[in-house]
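Written below as structure tokens is the structure these notes are about.
The values are calculated or read from the model by the stated rules, or taken from the named source; none is laboratory data. This one's a predicted model, so the numbers in the text were calculated from it and none came from an experiment. Don't worry about glycine lacking a Cβ; one is built from the backbone with ideal geometry, like all the others, and counts go over all protein chains shown.
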Amino acid sequence: MERVLPPGMSAAAFDRGLIALRAVVGAQWVLDTDEDRETYLDPYATGDRRAHAPSAAVAPASAEQVQAVMRVANAHRLPLWPISRGKNFGYGGAAPRLPGSLVLDLGRMNRILEVNEKLGYCVIEPGVTFYELHEHLANAGIALEFGFPNFGWGSAVGNAMDRGFSFRGDHSSSICGLEVVLPDGSLLRTGNGAMAGSPTWATARHGFGPSWDQAFVQANFGVVTKMGLWLHPVPEQVISVQVALDQKDDLAWFVDELSPLLMRGVLGGNIAISTATNSIIDNSQRKDWYAGPGALPDSVVTRMMSERGLGWWNSTVRIAGPEDTNEANLKRVLAALHRHSSRDYPVSRATGASQAARGPVVNRLKVLNWYGGRGGHVGFSPVMPASGAAVVAQFHRTKLRYDEHGIDHNCTFYLNGRTVTNINLMLINLDDADHTARTGRLFDALVADASAQGYAEYRTHLDYMDAVAASFDFNDHALRRFNERVKDALDPNGILAPGRNGIWPAAWRGQRNK
Ligand SMILES: Cc1cc2nc3c(=O)[nH]c(=O)nc-3n(C[C@H](O)[C@H](O)[C@H](O)COP(=O)(O)OP(=O)(O)OC[C@H]3O[C@@H](n4cnc5c(N)ncnc54)[C@H](O)[C@@H]3O)c2cc1C
């Protein structure tokens, strides 16, 4: 693929920038061959891959080098796109929002700087993967754990920076204390880290005055070079309750019964409840079940349910804590379930240590084989109130759209207590242009439907960042205008992640919606 440069930049000006970057990080850490550029493309892009093609990548080894890279980027007007491990699949992978940006790859900065078992936190650099964090804790016999997403190869920092989550809930809410390189190259520590040598940087959340950690999440105001993350003490025992619900509308009572238990702390983290199809897509292919046109008919889903012993909805409710408390909480959970159905809910018990020892995996990637061909995936993930009626209405609205567009439906609802997050996987055969185009149209329809309800996505793909940001329209998009005032103050040359989450610096504002 032809090299894509930042809009309006000449090759000569760009190459002068690369020479200055090589002087900072060493020639081998400015990656600008065709093969390098290919590495950072979005493998699941549904449109023209050049729309988010990087021009090159630069991989600094320290916060000092990140500072120097920022200064060069300002001097040469080079837009940078920071990634920690760049595994943001489904949301754009490592690729930048603005074509021609340089990927600022922080993978070399992968030190675990501190783990405090007694106070339950770690301080890590961006390149630390979930695998590495898990191995470090396991090898040192530290009885702490962190929730991991479906893939262990991602970065604990990068995932939290995009508000990723696991059964432990939203990982950005575990952040406590950041070290950040600002777009002008200066270095900031947030919270109590702003006091040199403070022992409470990663334990006291807010410090003194405004609390800034969350302002850097899903934003483009700085590059995080260190992060304090709260870890969870490994629970004494974990009880798992298997739930299978046969009717689509059973989801309503499940949400209304279980959400209050999350709010009252009877259950921790979140509860995932998924369609039967969600348990099928990672261990078989569509052709094993159905070869017809259009979306998978409900009759096929019913066959899946009976052959695999699944409900339309399936969940493992996790009760974690001391044994005696768990047994009391189990009674509460079973009482809530039995108010609606007398069926059997199988219960199993394990030590927390044996559960924690399992560690992260990557096998969920098999879902990409569902249709055959070159697999791709986009996630559509709106957030709604924890009301059974609202959740079931959203499910029916979404399923209808999938059926209309001839795309197989599967999804998970994550109960968080006060809200429910609905992750809909759109699996794609990228070799099928018609299927890929229909998926794009389905996504647009879902964004419009959700915003008509006042629901927005918790996170989105590069292609939809402007559309989702635009749906936050109170007072003529006052929030977007505020974000962009902050952006312009911190980053007058617009060099850091232009367009991330719909926040465009003045220098690149004309690129919105392009
Ligand atoms: C089938 C499937 C299942 C998935 N399941 C899950 C899941 O269960 N939970 C989940 O959370 N995700 C899931 N994902 C999405 C994704 O794979 C993970 O979130 C992954 O952890 C993100 O990649 P990463 O950790 O390498 O982050 P990165 O790609 O490194 O970072 C993500 C974004 O954060 C910003 N960023 C990263 N680091 C910095 C920094 N140091 N400073 C400033 N900004 C930064 C950048 O904008 C970057 O693009 C799934 C994806 C697929 C395809």
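To keep it simple, each residue is scored yes or no on (1) in contact with a strand residue (DSSP E or B) (Cβ under 7 Å, 6 or more places away or on another chain); (2) away from the ligand (no atom under 14 Å from the Cβ).
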residue	(1), (2)
Val391	yes, yes
Gln394	yes, yes
Thr398	yes, yes
Tyr402	no, yes
Ile428	yes, no
Ala433	no, yes
Ala450	yes, yes
Gly454	no, yes
Phe472	no, yes
Can you tell me which residue within region 30-44, out of those that are over 15 Å from Leu98 (Cβ atoms) and not in a helix (DSSP H, G or I), is nearest to the ligand (Cβ to nearest atom)? Tyr44
Yes or no: Leu41 surrounded by fewer than 24 Cβ atoms within 10 Å (Cβ to Cβ) and in contact with a Pro (Cβ under 9 Å, 6 or more places away or on another chain)? yes
List the number of the failed condition for Gly440; all other conditions in (1) more than 16 Å from the ligand (Cβ to nearest atom); (2) at pLDDT 95 or above; (3) under 21 Å from the mean Cα position of the chain (by Cα) hold. (2)
Considering residues of region 1-40 that are out of contact with any His (no Cβ under 8 Å at 6 or more places or on another chain) and of a type in the set (Lys, Arg) only, the residue modelled with the lowest pLDDT: Arg3
The condition of being modelled with pLDDT under 95 and either in contact with a Phe, Trp or Tyr (Cβ under 7 Å, 6 or more places away or on another chain) or of a type outside the set (A, V, I, L, M, F, W, C) (or both) holds, among Gly376, Gly388, Gly417, only for Gly376
Starting from region 168-188, take each residue that is assigned to a loop (DSSP other than H, G, I, E, B) and list its partners that are within 12 Å of the ligand (Cβ to nearest atom) and not aliphatic (A, V, I, L, M), counting only C-beta distances under 6 angstrom and pairs at least six apart or across chains. Arg168/Gly147; Leu182/Gly222
Of the conditions (1) away from the ligand (no atom under 14 Å from the Cβ); (2) part of a loop (DSSP other than H, G, I, E, B), Glu135 clears all except one; give me its number. (2)
Considering each of Ala215, Ala204 in turn, give the residue that is more than 14 Å from the ligand (Cβ to nearest atom), surrounded by fewer than 24 Cβ atoms within 10 Å (Cβ to Cβ) and among the small types (Gly, Ala, Ser). Ala204
Out of region 351-372, which residues are away from the ligand (no atom under 14 Å from the Cβ), touching a residue at least 12 places away in the same chain (Cβ under 8 Å) and loosely packed, with under 14 Cβ neighbours inside 10 Å? Ala357, Gly372
Can you run down the residue pairs with Cβ atoms below 6 Å, 6 or more apart or on separate chains, where the first is in region 308-329 and over 25 Å from Ser274 (Cα atoms) and the partner is surrounded by 15 or more Cβ atoms within 10 Å (Cβ to Cβ) and modelled with pLDDT under 95? none
Given (1) buried (at least 22 other Cβ atoms within 10 Å of the Cβ); (2) within 16 Å of the ligand (Cβ to nearest atom); (3) assigned to a loop (DSSP other than H, G, I, E, B), where does Leu267 come up short, assuming only one miss? (2)
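Looking at Arg77, Arg50, can you tell me which residue is away from the ligand (no atom under 16 Å from the Cβ), surrounded by fewer than 17 Cβ atoms within 10 Å (Cβ to Cβ) and at pLDDT below 95? Don't jump to the end; show me each part of the working.
Details: Arg77 fails: at pLDDT below 95.
Testing whether each residue is away from the ligand (no atom under 16 Å from the Cβ), surrounded by fewer than 17 Cβ atoms within 10 Å (Cβ to Cβ) and at pLDDT below 95 leaves just Arg50.
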Of the residues in region 207-253, those that are in a loop (DSSP other than H, G, I, E, B) and hydroxyl-bearing (Ser, Thr, Tyr) come to Ser211
Residue check: is Ser284 of a type in the set (Gly, Ala, Ser), under 27 Å from Gly93 (Cα atoms), surrounded by 14 or more Cβ atoms within 10 Å (Cβ to Cβ) and away from the ligand (no atom under 15 Å from the Cβ)? yes
With Gln237, Gln242 as the choices, which residue is over 30 Å from Arg480 (Cα atoms), away from the ligand (no atom under 16 Å from the Cβ), surrounded by fewer than 19 Cβ atoms within 10 Å (Cβ to Cβ) and touching a residue at least 12 places away in the same chain (Cβ under 8 Å)? Gln242
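Residue by residue, here is whether (1) crowded, with 22+ Cβ neighbours inside 10 Å; (2) farther than 30 Å from Leu187 by Cα; (3) touching a residue at least 12 places away in the same chain (Cβ under 8 Å); (4) of a type outside the set (Ser, Thr, Tyr) holds:
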| position | (1), (2), (3), (4) |
| --- | --- |
| Leu415 | yes, yes, yes, yes |
| Met426 | yes, yes, yes, yes |
| Arg441 | no, yes, yes, yes |
| Ala467 | no, yes, yes, yes |
| His477 | no, yes, no, yes |
| Ala506 | no, no, yes, yes |
